Amino acid sequence: MSIVQHFSSKAGRLRELKFSVRSTKRQFMEERKRHRQAKSRIAVISVGVLLFYAALFAKLGYMGAETLPDISKILPPVQIAWRPDIVDRNGQILATDIRTVSMFADPHRIVDVDEAVEKICGLFPDLDRKSLYKKLSDRKSHFAWLERQLTPEQQNQVMKLGLPAIGFRPEVKRFYPGGRTAAHVLGYVDIDNHGVSGMEKYIDSQGLSDLAATGLATPNTLEPFRLSIDLRVQNIVHDVISNALTTYKAQAAGAVVLDIHTGEVLAMASVPDFDPNDPQGTGGQGWLNRMSNGTFEMGSTFKTFSMAMAFDTNSVKLTDTFDATSPLHIGRFTIHDDRDVPRRFLTVPEVFRYSSNIGTAKIIEVVGIDAQKEYLTRLGLLTRLKTELPEVKTPSLPRVWSKLTSITVSFGHGVATTPLQVAVAGAALMDGGELIEPTFLPRTAAEAEKTETSIVRKTTSDTIRYLFKLNGEQGTGRTADVMGFHVGGKTGTANKVINGVYSHKLSFNSFLGAFPINNPKYVVLAIIDQPLTGLHNLNLATETAAPMVHDIIARAAPLLGVEEDVGKNTLVGY
C-alpha cells in the first residue's frame, strides 16, 4: 500500500466517525426534545385534571352552602279547592272529593335531565318527552307541574325512582260513584276542581267560588248539597234510554221524570253521554244534554197544547166534530193524515186519539193565531226555561207567524223546543192548570204553590187529563200503559229535516205521559232520535218512545210509593 492510499483510508474513516458523531448528537437532541414535549403534555393534563376537580369541589361546596327556597314559596299560592258532596234526595252520594297528590319538579335541582326524563316517561308513557325535557332543562325555574292527580300506587312508583328534585303536592279529585248515570245533571269539574257544567257549575255560582277564594271552603265547613234527583229512578231512566238507543238503532235518546205537584226533577238523562270521572276521554258525541240543551220539533205531543188552548178559550167542545175526509190545502202545501186515521168527520176526542193533523189544523183555525201564540207563551214553550241547570237552550221560533205556520205549529212542526219544556207544560195541564218552574233542588208542595202560575182553568186541565186517559187506553199511547198504574199520554212522531227537506223515513219520536192518570202525580217524557226500528219492526213513537215510558214507569212506580190499582181503569164520561 502506498502512502497515498494509506492516508485516503484514514480520511474516510475519519469522515465516517464525524458523521456517526453528528448522527448520535442529532438523535440525542431529538430525544431531549421529545422528553421536554412529554413533560409539557403531562403538565398540561395535570393542570387540567386539577382544575376540573377544583371546579367540581367548588360547585359541590356552593351547592352545599346554598340556601334553597322554602318549598311553600316554590309552590303556586293556590289553596285546595274542596267541594261539597252532592247527594240525591235520599242522601245517596252522587259526587264527592277524594284526596290525591300531584307531581311537580324543581328543575334547578335536576342533575341529569336525560336520566330524569327517561325514568319519568317510563312510568307515564303518555307524557310528551319534548315538553318534559324543556320543563326540566329550565334552570331558572324552581317549579313545574309534571302530572296531576296521581293514584297512591303511582306516587309510590315515582318515589322509588329516587329523583330528589321530584315532589308531591296534596290535592283533591272529584269522584262520581255512578259514572255516566247522572252525567248531564251533575256536570263535571276541571283539573283544579272548579265546576265546568251541570249542577257542579251551579254550585260554584252560588258562592262556593267566593268561599274557596277566602280559604273557608274546607271539608269541615261544607254541608252536602242535596238534589231533587232520586238515584234509584235515575238509574232506571239511564238504563232504559241506553237500552233503547241500542235496541231501536237510534242516534240519541233521553227521558225525564217530574213531580207534578212540586216541579222537582226526579230523574233526567240523555244518551250518548260521558263519564264525569273522565270527561275529556269519554265525551265525544255525548256532550249535548238533549233534554234541556237541545231543541227539537216535538211533533204530535204539541196537539196536547193545541187542545188545551181550544178548550180554555171556549173555541171548541168535546162534542164538536171536524171534517177529516180529505187533505187540507193551504197555498202550495197539503196537510194530510197518516193512513190509519179514519177519513170521516171526527169528534174532538177522536181527533186526539187518532192524532189527526187535519182535525187539529181545523181546531187551531177556530182558536186563532194570536190566542195560539199567547197560550204557547203562557205554557213556557216560546221562551227560555228557568231552572238551576246552566245548560238550557232557547226555543227556535218562526220568523213569520202565518196561517200555515199556525197550523204546522199546532201539530208540532215549525217551533223547536227543549223536551224538558214540554214535560213542564204537560205537568201544568195535569196539575189543575198550575205551571211550576222545574227545579233540581228539593222543594215541598207548599213551597211550589208560592211560585206556581195559573195558565188554564181547572176544567181545561180535567179535559186534557181525560184525553190522556182515552189515548192511553184506546189510542197511540196503549204501549205505554202499565197494569196497575194506568198511564195516559200523547205520542209525537215528527219527521226529521234532512238537507232542508222533511224526511218520510227518519223521525224524532216522543211520548208525554202521566201516571197514575186518575190522580196524576208524575209526568214522564221520553224521546228517541232517528230510530231505525221498534216494536213490530216499526219506528213510530207508539213503537219506540211509548214503550220507553212503559219501562220507566213499570220499574220506578213502586219505588216512588205509587199504590197499584188492580181495578179497571174506567174512563170518566164527558
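Key figures
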read-out	value
Highest-first arrangement of 551-559, 295-303, 310-318, where packing means the average Cβ count within 10 Å	295-303, 551-559, 310-318
Subset of Lys134/Lys160; Lys134/Lys173; Lys249/Lys386; Lys201/Lys450 violating a 31 Å alpha-carbon distance limit	Lys249/Lys386
Within the chain: Cβ-based charge dipole about Cα centre, in debye rounded to nearest 20 (Lys, Arg +1; Asp, Glu -1)	4840 debye
Radius ratio Rg over Rh of the chain, counting only Cα atoms, Kirkwood formula for Rh	1.41
Listed residues Thr493, Gly475, Leu441: farthest to the positive end of the dipole of the stretch 392-496 (Cβ charges)	Thr493
Positive-pole candidate from Pro390, Leu379, Phe175, dipole of the chain, charges at beta carbon	Phe175
For peptides 276-287, 225-236, sequence by mean Cβ density within 10 Å, most packed first	225-236, 276-287
Rel. contact order, % - alpha carbon contacts under 8 angstrom, at least six apart, the chain	13 percent
Radius of gyration, Dmax [the stretch 418-574; alpha carbons; angstrom]	16.2, 50
At R0 = 35 Å, FRET efficiency that the Cβ-Cβ distance of Asp565 and Thr151 yields, to 0.05	0.10
Listed pairs Lys303/Lys362; Lys362/Lys403; Lys362/Lys521; Lys403/Lys505; Lys458/Lys521 exceeding 22 Å between Cα atoms	Lys362/Lys521; Lys403/Lys505
Using alpha-carbon coordinates, inclination of helix 357-367 to the longest axis of the chain, degrees	70 degrees
Convex hull of the stretch 367-465 built on C-alpha atoms - directionally averaged projected area, nm²	6.8 nm²
Estimated distance in nm for a label pair at Arg478 and Thr246, the labels positioned 7 Å out from Cα along Cα-to-Cβ	3.0 nm
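Laboratory data are not the source of any read-out in this text; all were calculated from the coordinates shown. Computed from a predicted model, the values in this text were never measured in an experiment. Reconstructed Cβ throughout: ideal geometry from the backbone, glycine too, with neighbour counts over all protein chains shown.
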